[in-house]
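The numbers here are math on the coordinates, done by the rules we state, and not lab data. Computed from a predicted model, the values in this text were never measured in an experiment. Reconstructed Cβ throughout: ideal geometry from the backbone, glycine too, with neighbour counts over all protein chains shown.
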Amino acid sequence: MKRYFPDSLRGQLVLLVVGALVVAQAFSLWLFVDERSLAVRTAQGLEAAGRAANVARLIDEAPASLHSSILRAANSPFVQFSISDRPEVDHLDHSDGGGLADRIGALMAPEVAREIRVELHDLPSGTPDMTHVPADMEQMHRVMMGSALSAVEMRLAIALANGNWLNVSTRFQRPPLQWPWAQAVSFVATAAFILIAACWFILTRITGPLTRLSAAAEDFGRGEPGTPLVARGPSEVRNLTEAFNRMQSRLIRFISDRTRLLASLSHDLKSPLTAMRVRAEMVEEGEDRDRLIASIDEMRDMVEATLSFARGMAESEPSGPVDVAVFLEELRTDMAADFALDPESGLRMRIRPRAMRRALRNVIENALRYGGSAGVTAKRAGDLIRITVSDHGPGIPEMEFEKVFEPFYRLEKSRSRETGGSGLGLSIARTIVQAHGGAITLENREGGGLAVRIDLPAA
């Protein structure tokens, strides 16, 4: 069922409105058919009762020699009259005639007290009794009323003045289900008006701003320059848009302040470190002097890396679409490094080229430094482009997968700049990848080595 159920808000509301209209129309049609059936049956019963009253009055007033002629003239294919010395309605099992007996008595001489018996009961569904119906009328009746209809049989027994009983037997079918064309057209017109005038207009006012808000949130999550959205639509949607604008402004200001603070701190540390380096050079030759100079150089490299990271975060580089294969080939040329490259053709993604080049360079350099070699592949993975950098080194313990992304954290404990680096490479890479709306994960390869997967949204 979920596969056929619309996923969008607009589709779900349209389905809800159409479903409600269909249910309401079906209920209305059921009420209409029930009332129509009751009205038709009542009219047929009153017509048969009035006819029986008139026949009874004629028989009371006419001589006995004319009784058979009156009955022949009164009989019809669906109403049969007969006279007998006993009533065919015995009162032992009958239902109330709904006031028919009173109506018959009122149509006849009201001053003459006479017994009138009425019996109504349903007949099982099936073909109506056509015993007394001519062949041409039988065919016409079947076409008009259908071949399998539920019928109601009414029997009357009216006491005559001469002591005999006038027995009347009639039956009539409930009318078949009919849906007039006018009602069908009215339903279609009403549904179309509601869907076009109400749903489409109102839902556009709701879903339009929500779609723009979703796109703005996605762009902001990928590091695109944030611009305030125009608040449109209902009050709830306008309030949501204004709240998003305030949140976006606060985050931009917060990140900008933190980045400037980090850059200023790193810049201010360079001067005392330079002075310490100069003084250390003036110390007499010895093991302590070499160790002091090495520590100062390491601190200076860390400050330079931090300053470079902060400078890169503060840059407002525009993003644009790039061909992944061409981008990776240019990166290999710029790095002048020897690593295997196997990208799929035709892949495109929207990135900030300088920032992404830096992130990939950090990951590839780690693979070359610690794994001895590197292989880079790029392929499509649903709505993502997956760039995998793999090596043949010793790998990383799984418990360290998250820690290696922490700033200045290094698995290599020698503190050597040649082998350990500054410990900011993967931190910078993850920050840049996440700013593009992507993710970076680590996995140990079977047979040895580490695989770094970078998933980025496809253009």
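Sorting 333-341, 73-81, 362-370 by average packing, meaning the other beta carbons within 10 Å per residue, from highest down gives 362-370, 73-81, 333-341. Using R0 = 25 Å, the C-beta based FRET efficiency linking Ala459 and Ala217 works out to 0.85.
Of the peptides 441-454, 152-165, 239-252, the ranking by mean beta-carbon count within 10 Å, highest at the top, reads 152-165, 441-454, 239-252. Put simply, segment 318-457 fits an ellipsoid with semi-axes of 24, 16, 15 Å; these come from the alpha carbon gyration tensor as the roots of five times its eigenvalues, largest first.
Placing dummy labels 7 Å off each Cα toward the beta-carbon, the span from Ala381 to Ala192 is 5.0 nm. Projected label points at Glu406 and Leu21, each 7 Å from Cα along the beta carbon direction, are separated by 6.1 nanometres.
Peptide packing for 292-301, 61-70 was compared via the average number of neighbouring C-beta atoms within 10 Å per residue; ordered from the highest value, the list is 292-301, 61-70.
If R0 is 56 Å, the Cβ-Cβ spacing of Arg277 and Arg445 corresponds to a FRET efficiency of close to 0.85. Ordering Phe187, Phe27 from the fewest to the most neighbouring beta carbons within 10 Å gives Phe27, Phe187.
Site pair Glu344 and Ala73 shows an inter-label distance of 9.6 nm when each label is modelled 7 Å from Cα along Cα→Cβ.
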